[in-house]
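Quick notes on the structure that follows.
The values are calculated or read from the model by the stated rules, or taken from the named source; none is laboratory data. Just so you know, these numbers come straight off a predicted model, no measurement behind them. We place every Cβ from the backbone using ideal geometry, glycine too, and count neighbours over all the protein chains shown.
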Amino acid sequence: MRLDIVSIFPEYFAPLDVSLIGKARERGTLDVRVHQLRDWAHDVHRTVDDTPYGGGPGMVMKPEVWGEAIDTVCGTAVGAVAGTAAGGGSPRMIVPTPSGRPFSQELAQELAEEPWLLFACGRYEGIDSRVMEEYSSRLRVDEVSIGDYVLAGGEVAVLVMVEAIGRLLPGVLGNAQSAVDDSFAPGSMRNLVEGPVYTKPPVWRGHEVPAVLLSGHHGNVARWRRDEAIRRTVRNRPELAAELDPETLDKRDRKLLEELSFRVGQKDVAN
Ligand code: ADE
């Protein structure tokens, strides 16, 4: 997969050299190219922003600079050699912004199947909206939010998305089952977060590992894990628990939910 990232702070992306993503880059599974947006600004100060039309606080990123940057990265800039883009195709463009569609495991999976992604990191009040309008006619453009809080810019959001997407690429995780078992991954544990995990020693500062995990009984272990996932989802994510599909619940699930005084399908959850 090819990933292009355009930002005025390329230094933010140093973490992409380490750990799983760094290894995937070394192996060639991921081809990450980070670009300095100011390289496409032509005045002495390499200006990338200007005051907003209509007034208001802050600054807005200039469309001309972004247009040149994106055209160049896509290989469609005036004077570009035809066919310089990856496989002659074009990237799917992701613009991180708190006003975008929510990023989720499902979207991460969808993006992990793309051959080429282009992340356009906005700063200040964001990028002139005509940039998204212009490229929407040529590329698939998604404005994406990683959560209901406001960051200083899109860089950290891109790091989050690249890690979530990168670990889903074939061969990136040491154990492919890890991605299958994830909270939010599709499957029977869908809409359940993962329960607690333990390793050796069996007793630490007087705290014991639950005996069932030492029993070697796979069926009981699986059942215990599911119970704990349900308990934790009800406690920490009642809105997710309320969305559990009754069709996916067995008798024991229903009994546990009853013990927890939790009714699936209830919208106003006061747990
Ligand atoms: N830029 C600023 N805040 C953001 C958020 N929550 N998600 C994505 N990009 C952002």
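Quick notes
- Failed criterion for ALA185 (all others in (1) touching a residue at least 60 places away in the same chain (Cβ under 8 Å); (2) farther than 16 Å from GLY100 by Cβ; (3) aliphatic (A, V, I, L, M); (4) outside the structural domain of PRO246 (by TED's automatic domain parsing) hold): (4)
- ARG130 more than 25 Å from TYR53 (Cβ to Cβ) and more than 11 Å from the ligand (Cβ to nearest atom): no
- Close contacts from the stretch 99-114, counting a first residue that is at pLDDT 95 or above and surrounded by 16 or more Cβ atoms within 10 Å (Cβ to Cβ) and a second that is polar (S, T, N, Q) and outside any helix (DSSP H, G or I), with Cβ to Cβ under 7 Å and a gap of 6+ residues or different chains, come to GLY100/SER145; PHE103/SER145.
- For the stretch 204-212, the count of residues that are under 25 Å from ARG167 (Cβ atoms) and either modelled with pLDDT of 95 or more or part of a helix (DSSP H, G or I) (or both) is zero.
- Qualifying residue in the stretch 180-192 (condition: within 30 Å of PRO63 (Cα to Cα), of a type in the set (Lys, Arg) and assigned to a loop (DSSP other than H, G, I, E, B)): no
- Checking each residue in the stretch 134-164 for being part of a loop (DSSP other than H, G, I, E, B) and near the ligand (Cβ under 8 Å from one of its atoms) picks out ILE146, GLY147, ASP148, TYR149, VAL150, LEU151, ALA152, GLY154.
- Some residue of the stretch 44-51 being at pLDDT 95 or above, under 25 Å from the mean Cα position of the chain (by Cα) and surrounded by fewer than 18 Cβ atoms within 10 Å (Cβ to Cβ): no
- All conditions in (1) within 16 Å of the ligand (Cβ to nearest atom); (2) acidic (Asp, Glu); (3) outside any loop (DSSP other than H, G, I, E, B) hold for ASP227, with the sole exception of (1).
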